[in-house]
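The values are calculated or read from the model by the stated rules, or taken from the named source; none is laboratory data. Here the structure is a predicted model, which means the values were calculated and not measured. Cβ sites come from the backbone with ideal geometry, for glycine too, and all protein chains shown count toward neighbours. Remember, those area values only see protein heavy atoms, side chains included, never the ligands or the DNA or RNA. Shrake-Rupley method; radii C 1.70, N 1.55, O 1.52, S 1.80 Å.
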Amino acid sequence: MTSAFALLRRVTTACRWVSAAVVLILMLVTGFDVVMRYALARPLEWSITVSMLGLIAIVILAVPDLEASDEHIGMDLFYRNFSARRKAVADWVTFLATFSFCLVAGIAAARTTVHFADANLLTAGTFNLPIWLGYALLTVGLLLTALTTLLRFLVRRMEQRSAASAPAAGAPAAQSPAAPSQEA
């Protein structure tokens, strides 16, 4: 299980690097478009369409890595004061909500991708891209996030179980209250 999660972490890290590269590319495209539009009065026909697809890629390709490294936005105002049992319940609810949303939305995006690809629909304007490209990115990102959520949750549960059982198995014999401590 942990080796599968480690492999998935490499995939999500690669997606994050692709997302970072898209940010740089879009910065260059936007800068070039601004110069062409305002200095030379010749705007790029394709910059808005490519930027639209790039913005989807930036967001959706970074999310699986955020989930894998547990760096997504969290709210712990109440969570930190929960008992261990309530924290476990909150973890289950959060896992189920995140996993279910990503799985259902990913499947819906996959179905939409197939529909738009079959219909051969294109974006509006003078520079046309297939609409299914954006939905394909959504499909990959959401399903990868669902898988990441599932594996991270399972690995965390395994680690918690092994940590809970380790002290019991290797715990030293209890010291009597009357025995002096060796600590300085």
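See the values below:
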| read-out | value |
| --- | --- |
| Considering residues of the range 60-74 that are surrounded by 14 or more Cβ atoms within 10 Å (Cβ to Cβ) and of a type in the set (A, V, I, L, M, F, W, C) only, the residue farthest from VAL18 (Cα to Cα) | ALA68 |
| Among the candidates ARG152, ARG161, residue that is of a type in the set (D, E, K, R), crowded, with 16+ Cβ neighbours inside 10 Å, modelled with pLDDT under 95 and part of a helix (DSSP H, G or I) | ARG152 |
| Subset of the range 89-105 that is more than 15 Å from ARG152 (Cα to Cα) and open to solvent by less than 50 Å² (accessible area, probe 1.4 Å) - its residue that is modelled with the highest pLDDT | ALA105 |
| Residue tally, condition more than 19 Å from the chain's Cα centre (by Cα) and in a helix (DSSP H, G or I), over the range 70-95 | 10 |
| Test set (1) part of a helix (DSSP H, G or I); (2) acidic (Asp, Glu); (3) at pLDDT below 90 - ASP65 fails condition number | (3) |
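Residue-by-condition table, conditions (1) open to solvent by 40 Å² or more (accessible area, probe 1.4 Å); (2) under 21 Å from the mean Cα position of the chain (by Cα); (3) within 27 Å of CYS102 (Cα to Cα):
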position: PHE5; (1), (2), (3): no, yes, yes
position: LEU8; (1), (2), (3): no, yes, yes
position: ALA21; (1), (2), (3): yes, yes, yes
position: LEU28; (1), (2), (3): yes, no, no
position: ARG42; (1), (2), (3): yes, no, no
position: TRP46; (1), (2), (3): yes, no, no
position: VAL50; (1), (2), (3): yes, no, yes
position: ALA57; (1), (2), (3): no, yes, yes
